[in-house]
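Following: one structure in structure tokens, then a few remarks.
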Amino acid sequence: MTLPLLTEVEKLPTGIPGFDLIAHGGLPAGRTTLIVGTAGSAKTIFSAQFLAAGIQSFDQGAVFVTFEESVADIRRNLAGFGWDIPAWEAAGKWSFVDASPYPLEDGDVVGSYDLGGLLARIEHAVRQTPATRVVLDSLGAVFMRFADPATLRNELLRIAAALKDMGVTTLMTAERSEEEGPLTRTGIEEFVADNVVILRNLREGERRRRTCEILKYRGAYHQKGEFPFAILPGSGVQVIPLSAMELRQGSSDLRIPSGSVDLDGMCGGGFFRDSVVLVSGATGTGKTLMSTHFLNGGLQAGERCLLFAFEESRPQLFRNASGWGIDFQAAEDSGQLRVVCDYPEVASIEDHLIKIKEEIDTFHPHRVAVDSLSAIARICSERGFREFVIGLTSFIKHQEVAALFTSNTPTLMGGSSVTEAHISSITDSIILLRYVETFGEISRGVMVLKMRGSRHEKEIREFAIDATGMHIGRPFRTVTGILAGNPQYSHQSEADRLDRLFPK
């Protein structure tokens, strides 16, 4: 989206992947931003990553003020993200201000307690580092020492004003009791801070879903709404900026083979180079076979192919491909093919989306196949799945590679699935595979339901599978109701009469 050309406050890039896109550049520089969330919502990781990215990407010093965890625990907990805090401390780029309680302190109210001494320690650390980024984690621990709300508000204003005078950009964390309840326990911090960012860790069924929302950004633009994010080992927080995606991908007239000469003919000469194809059908109708042919078509053309499999293991896929005369093992050994197999349940849907993007960025394939999207749908809510398919499809279209997704229908004879409801409108082509009962035998049928920007056959043809792979035969001339899952036979004379009514 193009923004109006108005003067906006200067922003400091956070270096957190995805967040700077929804924040239109980062955090407002020289101001205080409050990060709120329930326990386990990643407030400390988000804040520490803001400091780490400042050192790694912008050579900016950092000060971490801890009111709760000990310094030793923080060093140990953050080491898993690849941030070498002891080395940064030794280099004078990172300083801790330890205000965590000692074991004998019980957190009782101490009456005239003020933060003058603490501010002096923070200012000293900022000058020594020198720092442009400061984190206070978390305010709730120190605010337990103040019983009077008026005193608490004055002390918080004093902290914010002092940090602003130092010219640093500050992140303050605060806890909330419920995901959708009051923002903070005291109800004061959100009014004192210039900006408020909410991190949520919502429970959906048996799983958790993390989202990030910018609630308040004084004098600065930002994207509205919640955005999913994931916490990745070795890198930290990564936000998935769905609304920042734009319809600016290119368009190609180049045709590529589908892997089947007959299917190419039904599609008017093959798939478009940058198209996304959805293959839908019941279990056993040949979806995996069609994706295997699609990949083989790329391999035969000397292209790099990437397969994400969520239902079958690598040995199963290689054995099946070998049975159809396609040598996946040789293609993988030559570096032309990469196969990634995982059960969907091993990670969150956000983790899967980020992993798929990383594999595509690393491997630079010409073709991508996902088998199947329906398996992914079982690990998340309908909303989470919708965001996944939009994010995946948008990313693949921007890479301008050909993609083929498979999807299971809920019944043997057809019907639409949740997967199709979310992806059918954003795919370029849809191929349906259906069972057809013919006089006590089960046959298969295939049709091209949709192909954006191209003519294609409208007939439902026989679809056979044998030891050499898939084969497309004659149209079903005397059977109706296949798409509706209720095949009915008509006499040949009736089929001839209809042909005369609708000449081709």
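Computed from the coordinates by the stated procedures, all read-outs in this text should not be read as laboratory data. Worth saying up front: this structure is predicted, and the values here are computed from it rather than measured. Here Cβ is always computed from backbone atoms with ideal geometry, including for glycine, and neighbour counts include all displayed protein chains.
Residue-wise HN-Hα couplings along region 252-265, as the Karplus relation 6.51 cos²θ - 1.76 cosθ + 1.60 with θ = phi - 60° gives them from phi, are 10, 8, 5, 9, 10, x, 7, x, 9, 4, 5, 5, 4, x Hz; Gly and Pro carry x. Rounded to the nearest 10 degrees, the angle from helix 382-399 to the longest Cα principal axis of the chain is 80 degrees. Over the chain, Cα pairs under 8 Å with separation of 6+ residues give a relative contact order of 13 percent.
Put simply, the amide H of Val279, placed in the peptide plane, has neighbours under 5 Å in Phe405, Thr406, Ser407, Ile431, leaving out anything fewer than 5 places away on its chain.
In degrees, nearest 10, range 0 to 90: what is the angle between the Cα axis of helix 287-300 and the longest Cα principal axis of the chain? Once rounded, one gets 90 degrees. Compared with the dominant Cα axis of the chain, that is its longest principal axis, helix 43-58 is turned about 90°. Shown in residue order for region 70-82 are the 3J(HN,Hα) couplings computed by the Karplus curve 6.51 cos²θ - 1.76 cosθ + 1.60 at θ = phi - 60°: 6, 4, 4, 5, 5, 4, 5, 5, 8, 5, x, 9, x Hz (x for Gly and Pro). Beyond 23 Å between alpha-carbons counts as too far, so tell me which of Lys11/Lys397; Lys216/Lys397; Lys355/Lys450; Lys93/Lys357; Lys93/Lys224; Lys11/Lys216 fall in that bin. Result: Lys11/Lys397; Lys216/Lys397; Lys355/Lys450; Lys93/Lys357; Lys93/Lys224 exceed 23 Å.
Using the Cβ-Cβ distance between Glu179 and Phe439 with R0 set to 51 Å, the FRET efficiency works out to roughly 0.30. Lys and Arg at +1, Asp and Glu at -1: add these up for the other residues within a Cβ distance under 12 Å of Thr173 and post the number. Around Thr173, the surrounding residues sum to -3. Considering only the other residues whose Cβ falls under 12 Å of the Cβ of Thr44, what net charge follows from Lys and Arg at +1 and Asp and Glu at -1? Here the count lands on -4. Rounded to the nearest Hz, the phi-derived 3J(HN,Hα) couplings of region 119-130 under the Karplus curve 6.51 cos²θ - 1.76 cosθ + 1.60 (θ = phi - 60°) are 4, 5, 5, 5, 4, 4, 5, 4, 6, 6, 5, x, where x marks glycine and proline.
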